[in-house]
Amino acid sequence: MDLNIRKAIYANISNNNQEQLEATIVDAINNGEEKMLPGLGVLFELIWNHSDESKKQEMISSLEDGIQSDLS
């Protein structure tokens, strides 16, 4: 079986507007199911690949802050 998660995610979101994209992300996070993690990874990959270096640094800082907050 040839399963291409990226293609499936792209197909599912290709016609979504910003509200729908946000709802997809929020739903996946709030749902908390492990099966949603690959999809979130694909969405993050899209964001990362279309961000400039300053945005990437902002995401890394935000991630670091989130990790520190969760460990506290």
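FYI, it's all coordinate maths here, none of it is from the lab. Not measured: the values here are computed from a predicted model. For neighbour counting, all protein chains shown are included, and Cβ atoms are generated from backbone atoms with ideal geometry for every residue, glycine included.
Looking only at residues of the range 1-38 that are surrounded by 10 or more Cβ atoms within 10 Å (Cβ to Cβ) and charged (D, E, K, R), we find that the one that is farthest from the chain's Cα centre (by Cα) is 7. Count of the range 39-55 residues, restricted to those that are exposed (fewer than 13 other Cβ atoms within 10 Å of the Cβ) and either touching a helix residue (DSSP H, G or I) at 6+ places or on another chain (Cβ under 7 Å) or over 17 Å from residue 14 (Cα atoms) (or both), is 5. Residues in the range 21-72 that are among the polar types (S, T, N, Q) and within 22 Å of residue 5 (Cα to Cα): 24, 30, 31, 49, 51.
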